[in-house]
1. Looking at region 111-125, which of its residues are within 27 Å of G191 (Cβ to Cβ) and part of a helix (DSSP H, G or I)?
2. Can you tell me which residues in region 244-275 are in a loop (DSSP other than H, G, I, E, B), of a type in the set (K, R) and within 14 Å of I294 (Cβ to Cβ)?
3. Please state which one of Y95, Y103, Y91 is surrounded by 19 or more Cβ atoms within 10 Å (Cβ to Cβ) and of a type in the set (F, W, Y).
4. Restricting to helices (runs of 4 or more DSSP H) lying wholly in region 126-243: which have 1 or more residues that are more than 18 Å from the chain's Cα centre (by Cα) and buried (at least 22 other Cβ atoms within 10 Å of the Cβ)?
5. Applying the selection to region 137-179, what residues are within 16 Å of the ligand (Cβ to nearest atom) and either touching a helix residue (DSSP H, G or I) at 6+ places or on another chain (Cβ under 7 Å) or not assigned by TED's automatic domain parsing to the domain that holds V37 (or both)?
6. Out of curiosity, is G276 surrounded by 12 or more Cβ atoms within 10 Å (Cβ to Cβ), modelled with pLDDT under 95, among the small types (G, A, S) and over 30 Å from I23 (Cβ atoms)?
7. For residues that are at negative phi and β-branched (V, I, T), scanning just region 38-58, find the one that is nearest to the ligand (Cβ to nearest atom).
8. Quick check on this structure: which one of V74, V25 is within 12 Å of the ligand (Cβ to nearest atom), modelled with pLDDT of 95 or more and on the phi < 0 side of the Ramachandran plot?
Amino acid sequence: MTDSIETNIVEINNLRVHYGKLIAVDGVSFSIPKGEVFGFIGPNGAGKSTTIKVLATLQREFTAEKVLVKGFDVRLQARKVRECIGYMPDYFGKYDNLTSREYLHFFAAAYKIEINKRDAIISDVLELTDLTGKIDAQVDSLSRGMKQRLALARVLLHDPDLLLLDEPASGLDPRARIEIRELLRALRDMGKTILISSHILHELSQLCTSIGIIETGKLVTQGTLEDIYERLSLMRIVHTQVTNLDDDMVARIEKIAGIQSVERQIDRLALRLKEGETSIEELHEKLVESGARIRMFQPEAMDMETAFMKLTEGKTA
Ligand SMILES: Nc1ncnc2c1ncn2[C@@H]1O[C@H](COP(=O)(O)OP(=O)(O)OP(=O)(O)O)[C@@H](O)[C@H]1O
C-alpha cells in the first residue's frame, strides 16, 4: 500500500458518469483523509448522489482513473468496500409493521453480524442515536428526525470506517437538524471518516473539516474551510464612507494599487479589491494616506451561503 492509500480513506480520480446523453459527473477528483468530515455540497442535480452511489458500489457504470475506498477498488473489490462503508441514501424507504428492533435486526443479519452479538450492538447504536426508548416503536410512527437517526443507527451496526451520508438533514426541522449535527460530531470524535452531502452549505459549515462544491457534475472548488474562506476573500468588497468625498478624491481612490473598481453608491463607496494584491488592513492605510477622512470602513461579510451562491451561480445539471 502507498502512503496516500493509508491516509486517504477515499480517493477519486477523474470520475465520469453518464446517464444516456446526460453527463451527471464530469471528471470529479477528490480525496478524503482518515478522520475528516468532508462536506459535499451542490445544488439539486449537481451529481452528489451519483458520486456517492459510485463510492457505495451501487453505481457500476462509470469511468475513472481510480475510485478507491480504504485502498479497495469499488468495482473490483466491491465486497471489501461494502464491509468498510455505511451508506445512508437520501430516502428512508417504507417499513410497514416493523419496529425499530426488528428493523435493526434485519440489517444486522444482512451485515452478517453474529447472532449472539446482535442485541448488544443494537442496544449500543440505539443509545448512540438517542433512540433507546423507541426500540419497540413502529418505524413508520417515528418522526422524520427519529427516522434519520434510526437510519444512522443502521449504518453503524457493522462499525464501518467510512460513512456516506446523502442529505441526512434534508427536510428536518431546526431542532432535528441540530440533533443530527451533534450525532455526527460524536461520530467524528469516534474517529469515523464522514462524507456528507447537502445542498445547504450552512448545514455543513459548522461540522465539516473540508468541503467540495460540485456544480453540473464538476467540482468548482475544494479544500479546508480555511482554504475556501481564503480563496473567497480574494473577491472581497469593502464599503466605506468618506466625509471629504469629491470627484478628485474618488479619482485618487481609484488609483490605489489593489483596487479593481470603485462604485459610488448613495451613502458610500463600494471598493472591489483585486485578487490577492492588498489586504484589508493595507487598504485602510492607503485610503488614509490618500487623504480620505474615513467615517465608516466595513469589509463585506462573506458568509458561507453567499460564497456558495457566488461559486455555483445557482446552476443545476
Ligand atoms: N438513474 C438516473 N437516470 C437518469 N438520470 C439520472 C439518474 N440519476 C440521476 N440522474 C440525473 O443526473 C444528474 C445528477 O443527479 P444526482 O442525483 O447525482 O444529483 P444530486 O446532486 O444528488 O441532486 P439532488 O440534491 O437533487 O439529489 C441529474 O440531472 C439527475 O436528473
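The values are calculated or read from the model by the stated rules, or taken from the named source; none is laboratory data. Since this is a predicted model, take the numbers as computed values, not measurements. Heads up, the Cβs are rebuilt from the backbone with ideal geometry, glycines too, and the neighbour counts pull from every protein chain shown.
1. Scanning region 111-125 gives N116, K117, R118, D119, A120, I121, I122, S123, D124, V125.
2. R268
3. The match here is Y103.
4. In region 126-243, the matching helices (runs of 4 or more DSSP H) lie at 144-156.
5. Q148, L164, D166, P168, A169, G171, L172
6. When the stated conditions are applied, G276 does not pass them.
7. T50
8. V25
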